[in-house]
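Colleague: Structure below; questions to follow.
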Amino acid sequence: MWRGLCTLAARVARGPCRPCTRQGSSAPAPGSGATIFALSSGQGRCAIAVIRTSGPASGHALRSLTAPGDLPPARRACLRLLIDPRSGEPLDRALVLWFPGPQSFTGEDCAEFHVHGGPAVVSGVLQALGRVPGLRPAEAGEFTRRAFAHGKLSLTEVEGLADLIHAETEAQRRQALRQLDGELGHLCRGWAETLTKALAHMEAYIDFGEDENLEEGVLERADSHVQELEVALNTHLRDARRGQRLRSGAHVVVTGPPNAGKSSLVNLLSQKPVSIVSPEPGTTRDVLETPLDLAGFPALLSDTAGLREGEGPVEQEGVRRARERLEQADLILAVLDASDLASSSSCTFLDTIVIPAIAQSHNVNSQRVLLVLNKSDLLPPGAPDLSPELPSHLLLSCLTGEGLDGLLEALRKELTAVCGDPSAGPPLLTRARHQHHLQGCLDALGHYKQAKDVALAAEALRIARGHLACLTSGGGTEEILDIIFRDFCVGK
């Protein structure tokens with residue numbers, strides 16, 4: 001009987017994935033029969049530039065530019081004189097490397113030319129490669145797409161590589177490296193294996209339900225596997241889009257009454273004059289945004305108009321936009337003048353904005369709030385503690401910079417809660433595509449639990465497993481692959 005069950009498990013494992021119909025490793029790259037070449041290092045004058053090729057004619061290209069030399073030993077740098085294969089004119093003296101497939105980044109034969117980075121040298125080598133029969137310039141992301149097509153990278157690893165290339169903060173780099181290392185892919189494959197076992201038990205019951213040799217509890221084991229997976233999926237889907245915020249940036253809004261020092265704080269955190277600073281109330285009348293690295297996390301910092309009853313239509317519109325932006329914030333920096341806490345504007349701001357937001361901050365999807373008391377330099381020396389009725393707060397002087405280190409540490413903790421810790425815990429879902437397929441898998445498991453017929457329950461498990469396959473392979477949908485790879489630069 002168990003031989004039959006193993007056969008069923010193998011049949012289930014290699015069966016078609018729904019809604020996917022093919023795995024990403026079998027999806028051909030555009031023009032995969034041709035050999036491509038491109039400059040893989042940055043544009044402009046530099047010490048060393050890297051030009052590489054991928055495809056069946058890579059060995060011929062390497063011989064053509066280093067004739068009459070033989071191919072160098074695999075994966076070993078050799079110094080060679082590069083010549084134009086048409087004119088025989090020397091182009092450069094460079095290091096060349098040979099990576100025979102499938103032991104290469106793309107899985108194909110690859111060659112690299114490490115040339116001097118002058119524009120004339122790079123241009124001469126690229127033109128020479130263009131004259132080698134069978135070679136053509138690479139498209140954006142085509143090297144990585146070939147690596148995906150040959151099973152060298154899963155789709156989640158490809159996305160991790162793209163995120164690593166575009167990473168601008170320490171947190172983004174750490175998260176991208178974890179995804180490039182395959183953590184999310186391994187997790188999804190483990191979940192898919194769990195579903196495969198459950199589906200094998202379902203198939204065994206369908207095929208051998210009347211067989212006296214069928215071990216008892218087959219359906220119960222399938223239910224147990226499904227329940228464990230549901231718990232894991234719910235845990236990841238409850239992350240409140242932290243991974244997407246880490247990838248694209250958390251929305252941090254600076255708000256407060258007029259003349260509290262909001263614009264000064266924005267300029268201090270940005271290290272540049274983003275906003276106009278003036279003692280005149282109502283200077284900021286629109287939302288000013290600046291992307292920046294905030295305590296190691298990506299953030300979109302917004303300076304808003306002072307919250308008060310506007311004296312004119314322009315200021316009233318600025319206040320309206322400020323309140324609208326507050327509703328969209330992931331983290332609110334509420335700024336008050338430490339030397340003027342008893343004013344009506346400060347009291348109103350505390351009662352209507354800060355205290356209600358803090359009361360809701362314990363909820364999973366709620367906004368987080370940091371209360372900053374600015375202008376601490378105006379407090380008299382040896383002044384007693386500020387009102388004990390104030391919520392937890394930070395003292396800061398935008399003029400002297402005193403208290404900035406404490407604010408940055410508090411921001412780091414708050415943004416870790418908003419975006420997730422990229423160096424600890426389970427891998428984050430960094431794209432809407434990830435969340436879509438995990439939610440689709442969870443929905444299919446819900447249909448499994450509600451199914452009145454064993455065959456319908458098995459079909460629900462197949463759909464759930466198909467969503468996990470789509471997450472790591474793209475489901476063979478060329479439109480999805482085109483969207484992912486178009487953000488890569490030429491040469492990667």
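Colleague: If the requirement is being surrounded by 19 or more Cβ atoms within 10 Å (Cβ to Cβ), at pLDDT below 85 and polar (S, T, N, Q), which of these qualifies: T255, T284?
Modeller: T284
Colleague: Pairs, please: C-beta under 7 Å, at least 6 apart or cross-chain, first residue under 20 Å from T430 (Cβ atoms) and open to solvent by less than 10 Å² (accessible area, probe 1.4 Å) and in region 185-204, second outside any helix (DSSP H, G or I) and among the small types (G, A, S)?
Modeller: G185/S154
One line per residue, one yes/no per condition, for (1) assigned to a loop (DSSP other than H, G, I, E, B); (2) among the aromatic types (F, W, Y); (3) open to solvent by less than 10 Å² (accessible area, probe 1.4 Å):
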| position | (1), (2), (3) |
| --- | --- |
| R86 | yes, no, no |
| A94 | no, no, yes |
| W98 | no, yes, no |
| G101 | yes, no, no |
| S104 | yes, no, no |
| G107 | yes, no, no |
| A128 | no, no, yes |
| P133 | yes, no, no |
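Colleague: Does I83 count as modelled with pLDDT of 95 or more, in contact with a strand residue (DSSP E or B) (Cβ under 6 Å, 6 or more places away or on another chain) and either within 28 Å of G141 (Cβ to Cβ) or of a type in the set (A, V, I, L, M, F, W, C) (or both)?
Modeller: The answer is no for I83.
Colleague: Within region 437-464, can you find the residues that are over 26 Å from the mean Cα position of the chain (by Cα) and either acidic (D, E) or not in a helix (DSSP H, G or I) (or both)?
Modeller: Within region 437-464, A451, K452, D453, E459 meet the criteria.
Colleague: Can you tell me which residue in region 419-428 is surrounded by the fewest Cβ atoms within 10 Å (Cβ to Cβ), limited to those that are over 13 Å from the mean Cα position of the chain (by Cα) and touching a residue at least 24 places away in the same chain (Cβ under 8 Å)?
Modeller: Checking each candidate, the answer is S423.
Colleague: Moving on. Go through region 429-462 and give me each residue that's within 25 Å of D181 (Cβ to Cβ) and open to solvent by less than 10 Å² (accessible area, probe 1.4 Å).
Modeller: Residues satisfying the conditions are L429, T430, H434, L438, C441.
Colleague: Is there a residue in region 291-306 that is at pLDDT below 80, more than 29 Å from the chain's Cα centre (by Cα), open to solvent by less than 20 Å² (accessible area, probe 1.4 Å) and not polar (S, T, N, Q)?
Modeller: Yes, that holds for at least one residue.
Colleague: Any residue in region 222-244 that is over 17 Å from A464 (Cα atoms) sitting within a Cβ distance under 6 Å of a residue that is surrounded by fewer than 20 Cβ atoms within 10 Å (Cβ to Cβ)? List the pairs, counting only those 6 or more apart or interchain.
Modeller: What qualifies is A240/V364; A240/N365.
Colleague: In region 201-251, how many residues are at pLDDT below 85 and not in a helix (DSSP H, G or I)?
Modeller: Number satisfying all stated conditions: 13.
Colleague: Applying the selection to region 67-82, what residues are part of a loop (DSSP other than H, G, I, E, B), open to solvent by 70 Å² or more (accessible area, probe 1.4 Å) and over 17 Å from P100 (Cα atoms)?
Modeller: P68
Colleague: Checking the condition within 18 Å of L341 (Cβ to Cβ), touching a Leu at 6+ places or on another chain (Cβ under 6 Å) and modelled with pLDDT under 90, which residue from D385, D377 passes?
Modeller: Testing whether each residue is within 18 Å of L341 (Cβ to Cβ), touching a Leu at 6+ places or on another chain (Cβ under 6 Å) and modelled with pLDDT under 90 leaves just D377.
Colleague: For region 258-268, how many residues meet the condition of being surrounded by fewer than 23 Cβ atoms within 10 Å (Cβ to Cβ) and under 30 Å from I165 (Cα atoms)?
Modeller: Residues flagged as surrounded by fewer than 23 Cβ atoms within 10 Å (Cβ to Cβ) and under 30 Å from I165 (Cα atoms) within region 258-268 amount to 2.
Colleague: List the number of the failed condition for E168; all other conditions in (1) within 22 Å of L428 (Cα to Cα); (2) in a helix (DSSP H, G or I) hold.
Modeller: (2)
Colleague: Cβ-Cβ distance below 8 Å, separation of 6 or more or different chains: which pairs start in region 335-346 with a residue that is open to solvent by 60 Å² or more (accessible area, probe 1.4 Å) and end on one that is part of a helix (DSSP H, G or I) and not aliphatic (A, V, I, L, M)?
Modeller: Short answer, once both residue conditions are applied: D340/S346.
Colleague: May I pose another question? Among what's in region 400-418 and is out of contact with any Lys or Arg (no Cβ under 8 Å at 6 or more places or on another chain) and of a type in the set (D, E), pick the residue that is surrounded by the fewest Cβ atoms within 10 Å (Cβ to Cβ).
Modeller: So the residue we want is D405.
The values are calculated or read from the model by the stated rules, or taken from the named source; none is laboratory data. This one's a predicted model, so the numbers in the text were calculated from it and none came from an experiment. Cβ sites come from the backbone with ideal geometry, for glycine too, and all protein chains shown count toward neighbours. Just so you know, the surface numbers come from the protein's heavy atoms only, side chains and all, with ligands and any DNA or RNA stripped out. Shrake-Rupley method; radii C 1.70, N 1.55, O 1.52, S 1.80 Å.
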